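Engineer: Sharing a structure with you now.
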Amino acid sequence: MVHALSAARHKRRRQYFALLIILTVAVIALWLVSLMIGETFYSPSDVVAVIMGETVPGASFTVGTLRLPRATVAISVGLAFGMAGTIFQTMLRNQLASPDIIGISASASAAGATGIIVFGLGQTSVSIVSTVVSLTVAVVIYLLSIKSGFTGTRMILIGIGCAALMQAWTSYVLSHAAAWDLPTATRWITGSLNTMTWERGMPVIIVTLLIAPLLVACSHFLSVLGLGDDLARGLGLRLTLTRVVLFVGAVTLIAIATAATGPIAFVAFMAGPIASRIFKPGTSLILPAGLLGALLVLVADIAGQYLFGTRYPVGVITGAIGAPFLIYLLTRSSR
């Protein structure tokens, strides 16, 4: 019996890592494809040469300056949105509890739009302000939701109210924006990778590289937390400390990603549920959801640029995919 359980555990672990490898390879492949295609096609050898720092006529500017920051930031924000989304959904034990819905993305978006339009802040300052405001709003939502005992439903409802307030403020700020600020402000409505630069994208790349491994290391605690408060407490988990660490990490990822690209709709919402349908129950979904988030952003960005007659921001494509997915989940949950 013990041998059979051990064999089953090893088999599940092998399947888990095999799927992770497949997702990683798919993300890298799409990243390379996004560097090769465009108005001018560059061969894989040219792309690799540019990445390695060699000078290739034409490709050094097009690939190294225009496409490489865009594709790399797409992976970073996809990881950030996907990992943060599944953390919230698991902690609150509700697939509808994504940062898009409970006000975290909306607060980062409102802070970013205000910083750019009202105060004329630069990208680094906007990232800091967005992070601080998002953390503050998240703390307010959390404190309001723990009155008379923490419940995920109360937090979701309070978050929806905060999201409505933040979206209203963003609309007000945008309505008073100067004409030269509107192209930048549009990013805070739809989410876009257009005109991405290393300067604008470097904060999210650095923060994701720092926080993502820490959250993956905490994946076991998140899995225990998803079993319910009573069982998690019985297993010796420190609920408040665990929630705070995961909460702060997830909010920071959402804030810094939103500061770079705006609120790319439904990536945080879709990545976790899709990962739960691919990977077997009982496995950690933080890293799989992050990879699926990166995959979703890359696919949506490529589709928005080249699949239609005109170019659409990545947030438009993810919104078109995510809205039917939301209806599907709502239908299933009602059943």
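Engineer: Please express the shape of region 127-167 as an equivalent ellipsoid: the semi-axes are the square roots of 5 times the eigenvalues of the C-alpha gyration tensor, given largest first in whole angstrom.
Structural biologist: Details: eigenvalues 82, 29, 7 Å².
After diagonalising the Cα gyration tensor, the semi-axes are 20, 12, 6 Å.
Engineer: Another question, then. In terms of the ratio Rg/(2.2 N^0.38 Å) built on C-alpha atoms, what value belongs to region 153-309?
Structural biologist: Values: Rg = 18.1 Å, N = 157, 2.2 N^0.38 = 15.0 Å.
Rounded to two decimals, the normalised Rg is 1.20.
Engineer: In nm, give the distance between the simple-model label positions of residue 231 and residue 119, each being 7 Å from the Cα along the Cα-to-Cβ direction.
Structural biologist: Placing both labels 7 Å along Cα→Cβ, they lie 4.4 nm apart.
Engineer: Using just the alpha carbons, could you tell me how many Å³ per residue the convex hull of region 1-156 encloses?
Structural biologist: Values: hull volume 29.2 nm³, N = 156.
Cα convex hull per residue, to the nearest whole number: 187 Å³.
Engineer: Would you kindly derive the ³J(HN,Hα) couplings of region 132-147 from the backbone phi angles with the Karplus curve 6.51 cos²θ - 1.76 cosθ + 1.60 (θ = phi - 60°), listing them in order in whole Hz, with x for Gly and Pro?
Structural biologist: 5, 5, 4, 4, 5, 5, 4, 5, 4, 4, 5, 5, 5, 7, 9, 5
Engineer: What is the extension gain from residue 160 to residue 32, computed as 0.36 nm multiplied by their sequence separation minus the C-alpha to C-alpha distance, in nm to one decimal? Walk me through the numbers before you get to the answer.
Structural biologist: Details: separation 128, 0.36 × 128 = 46.08 nm, distance 3.79 nm.
My answer for the length gained is 42.3 nm.
Engineer: Can I ask one more? Counting every Cα pair in the chain, what percent are over 26 Å apart? Let's see the in-between values first.
Structural biologist: Values: 27029 of 55945 pairs.
Roughly 48 percent, once rounded to a whole number.
Engineer: From Cα pairs below 8 angstrom and at least 6 apart in sequence, can you work out the relative contact order of the chain, rounded to a whole percent?
Structural biologist: The normalised contact order for the chain reaches 29 percent.
Engineer: Next question, about the same structure. For region 300-317, just list the computed ³J(HN,Hα) in residue order, Karplus coefficients 6.51, -1.76 and 1.60, θ = phi - 60°, integers in Hz, with x standing in for Gly and Pro.
Structural biologist: Those phi angles translate into 5, 5, 5, 5, x, 7, 10, 7, 10, x, 10, 8, 10, x, 4, x, 5, 5 Hz.
Engineer: In nanometres, what is the gap between the two model label sites at residue 238 and residue 325, each 7 Å from Cα along Cα-to-Cβ?
Structural biologist: 3.5 nm
Engineer: Follow-up question, since we're still on this one. What ranking do 307, 96, 329 get, fewest neighbouring Cβ atoms within 10 angstrom at the top?
Structural biologist: On the way: 307 12, 96 19, 329 15.
The most exposed by this proxy come first: 307, 329, 96.
Engineer: Suppose only helical runs count, i.e. DSSP H with n ≥ 4. What mean residue ellipticity at 222 nm does that imply for the chain under -39500 (n - 2.57) per run, divided by all residues and rounded to the nearest 500 deg cm²/dmol?
Structural biologist: Numbers: 14 runs with 247 residues, N = 335.
When only DSSP H runs of four or more count, the value is -25000 deg cm²/dmol.
Engineer: Also, I was wondering about something else. So for the chain, taking the charge dipole from beta-carbon charges (+1 Lys/Arg, -1 Asp/Glu), which of 130, 42, 116 sits furthest toward the positive end?
Structural biologist: 130
Engineer: From the phi of every residue in region 156-161, what ³J(HN,Hα) in whole Hz does the Karplus formula 6.51 cos²θ - 1.76 cosθ + 1.60 yield, where θ is phi - 60° and glycine or proline is x?
Structural biologist: In residue order, the calculated couplings are 5, 5, 5, x, 4, x Hz.
Engineer: Within 10 Å of each candidate Cβ there may be at most 16 other Cβ atoms; applying that plus a DSSP loop requirement, which trypsin sites (Lys or Arg not before Pro) in region 132-193 survive? Before the final figure, lay out each step's value.
Structural biologist: Working: sites: 147, 154, 187; in loops: 147.
Sparse-neighbourhood loop trypsin sites (Lys or Arg not before Pro): 147.
Engineer: Test of understanding: in a Gaussian network model of the chain with alpha carbons linked when under 10 Å, which of 250, 177, 265 would top the mean-square fluctuation ranking?
Structural biologist: 177
Engineer: Could I ask something else about it? With r as the distance between the Cβ atoms of residue 220 and residue 25 and R0 = 41 Å, compute the FRET efficiency 1/(1 + (r/R0)^6) and round to 0.05. Walk me through the numbers on the way to the answer.
Structural biologist: Values: r = 25 Å, r/R0 = 0.62.
Computed FRET efficiency for residue 25 and residue 220 comes out at 0.95.
Every number here is computed from the coordinates shown, using simple stated rules; none is lab data. The structure presented is a predicted model; accordingly, all values stated were derived computationally and were not measured. So basically every Cβ, Gly included, is an ideal-geometry build from the backbone, and we count neighbours across all protein chains shown.
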